[in-house]
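> The structure is given below, and queries will be raised subsequently.
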Amino acid sequence: MTDSKKPAPKKAKHFSEDMIRECLAVMESGNIEELFEIIPRIGVLRDPRFTEPLLKLLEHENVKRREFAAYSMGAIGDRQFLEPLKKAFKKAARIRGAGARELQVAVIESIGAIGDDASVDFFLPALKVCCTDRAADGKHARNARKMSQWIIESLGAIAQQGGARSLDALLQLTAHDDPEIQAQALSELSVAYWHRPNEVKESTLAKIVELTRHPESVVSESALAALQSLADVGCRRAEAYFVSGDGEKA
């Protein structure tokens, strides 16, 4: 009996090849609007022919083209892009004017999306710089707060993929001297265990419980929300915290 569906893989391959060529043509043209529209396709296709044009665009004088390249690298998820992205972040930190912050955000999010746990060595020093800048006034301080948020979210993304060092970094940040950073680290810590709620270490859970009594409400409320989040996804020890009535006392 003949399988009428056999030709389909050839058609699919031809279709993919057309899409790859279209993406390469858009990268060559450099039309900003079209560039950002093809990022989802780049992430699905992940063709090695994208590597060279993306690396070139990451060095482009136009900041929006660099931003596109960074997001595309994150969508592909290949670790070969980590070092170029880190260099791009350092260059972006020296840029003043429109698009500089957006480029830094794109790089941070993309490094997080690639998911290399060793990236903690990049994120923690970057966060330290942000913390220094947060002490300033005005727009610069606001940007630093946003940057801190994106860095911690990216650590959370890596931790969620099983990054042990990123998990440790988040745990350390729950003891930070900035309550906002503590609160966000607690939130990301609970998200990191969504797919494995009963693998939370006893010491980690104890730390979260301890912080429900923190004098700063932004921290104590975040700790309580983290416990509730873990309980909601099936963490038995977090559930026990609420059943025992401790949650009502916090």
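> Among SER16, SER72, which is the only one that is of a type in the set (Ser, Thr, Tyr), in a helix (DSSP H, G or I) and at pLDDT 95 or above? If you could, list the steps in order and put the result at the bottom.
Details: SER16 fails: at pLDDT 95 or above.
From the options SER16, SER72, the qualifying one is SER72.
> Name the one entry in HIS195, HIS214 that is at pLDDT below 95 and not hydrophobic (A, V, I, L, M, F, W, C). Steps first, answer last, please.
Values: HIS214 fails: at pLDDT below 95.
The conditions single out HIS195.
> Report, by residue number, each residue of the stretch 39-81 that is of a type in the set (Val, Ile, Thr) and surrounded by fewer than 21 Cβ atoms within 10 Å (Cβ to Cβ).
Within the stretch 39-81, the subset of a type in the set (Val, Ile, Thr) is 39, 42, 44, 51, 63, 76.
Within the stretch 39-81, ILE39, VAL44, THR51, VAL63 qualify.
> Just to be sure I understand the filter: pairs with C-beta atoms under 8 Å, separated by 6 or more residues or on different chains, first member in the stretch 133-162 and charged (D, E, K, R), second member crowded, with 16+ Cβ neighbours inside 10 Å and at pLDDT below 80. Which pairs pass?
ARG145/ARG134
> Something else now. Do we have any residue at all in the stretch 203-221 that's small (Gly, Ala, Ser), closer than 25 Å to ALA118 by Cα, without any contact (Cβ under 8 Å) to a residue 24 or more places away in the chain and surrounded by fewer than 19 Cβ atoms within 10 Å (Cβ to Cβ)? Spell out how you get there, then give the answer.
So in the stretch 203-221, the residues small (Gly, Ala, Ser) come out as 203, 206, 217, 220.
Next cut, closer than 25 Å to ALA118 by Cα only: 203.
From what's left, without any contact (Cβ under 8 Å) to a residue 24 or more places away in the chain: 203.
Filter again for surrounded by fewer than 19 Cβ atoms within 10 Å (Cβ to Cβ), leaving 203.
Scanning the stretch 203-221, I find at least one residue that is small (Gly, Ala, Ser), closer than 25 Å to ALA118 by Cα, without any contact (Cβ under 8 Å) to a residue 24 or more places away in the chain and surrounded by fewer than 19 Cβ atoms within 10 Å (Cβ to Cβ), so the answer is yes.
> Right, ALA118: farther than 30 Å from LYS64 by Cβ and either assigned to a loop (DSSP other than H, G, I, E, B) or modelled with pLDDT of 95 or more (or both) or not? Let's see the steps before the verdict.
Working: farther than 30 Å from LYS64 by Cβ: no; either assigned to a loop (DSSP other than H, G, I, E, B) or modelled with pLDDT of 95 or more (or both): yes.
So ALA118 fails the test.
> Touching a helix residue (DSSP H, G or I) at 6+ places or on another chain (Cβ under 7 Å) and either closer than 17 Å to SER222 by Cβ or not polar (S, T, N, Q) (or both): is that true of ALA98 in this structure?
On the way: touching a helix residue (DSSP H, G or I) at 6+ places or on another chain (Cβ under 7 Å): no; either closer than 17 Å to SER222 by Cβ or not polar (S, T, N, Q) (or both): yes.
Answer is no for this residue.
> Right, next: Helices (runs of 4 or more DSSP H) wholly in the stretch 157-245 with at least 1 residues that are within 25 Å of PRO125 (Cα to Cα) - which ones? Spell out how you get there, then give the answer.
Numbers: elements: 164-173, 179-192, 202-211, 217-232, 236-243.
By residue number, 164-173, 179-192, 202-211, 217-232.
> Given ASP133, ASP121, ASP117, which one is within 18 Å of LEU82 (Cα to Cα) and surrounded by fewer than 17 Cβ atoms within 10 Å (Cβ to Cβ)? Walk me through how you get there before you give the answer.
Working: ASP133 fails: within 18 Å of LEU82 (Cα to Cα); ASP117 fails: surrounded by fewer than 17 Cβ atoms within 10 Å (Cβ to Cβ).
Just one listed residue meets the conditions, ASP121.
> Could you check the stretch 82-114 and list, in sequence order, the residues that are surrounded by 14 or more Cβ atoms within 10 Å (Cβ to Cβ) and in a loop (DSSP other than H, G, I, E, B)? Steps first, please.
At the first step, the residues of the stretch 82-114 found to be surrounded by 14 or more Cβ atoms within 10 Å (Cβ to Cβ) are 82, 84-86, 88-89, 91-93, 95, 99-114.
If the condition is that a residue be surrounded by 14 or more Cβ atoms within 10 Å (Cβ to Cβ) and in a loop (DSSP other than H, G, I, E, B), then ALA93, ILE95, GLY99 are the ones that fit.
> Then there's this: Starting from residues that are surrounded by fewer than 17 Cβ atoms within 10 Å (Cβ to Cβ), among the small types (Gly, Ala, Ser) and over 15 Å from GLN184 (Cα atoms), keep the ones in the stretch 222-249 and report whichever is modelled with the lowest pLDDT.
GLY245
The values are calculated or read from the model by the stated rules, or taken from the named source; none is laboratory data. Owing to the predicted nature of the structure, the values given are computational and were not obtained by experimental measurement. So basically every Cβ, Gly included, is an ideal-geometry build from the backbone, and we count neighbours across all protein chains shown.
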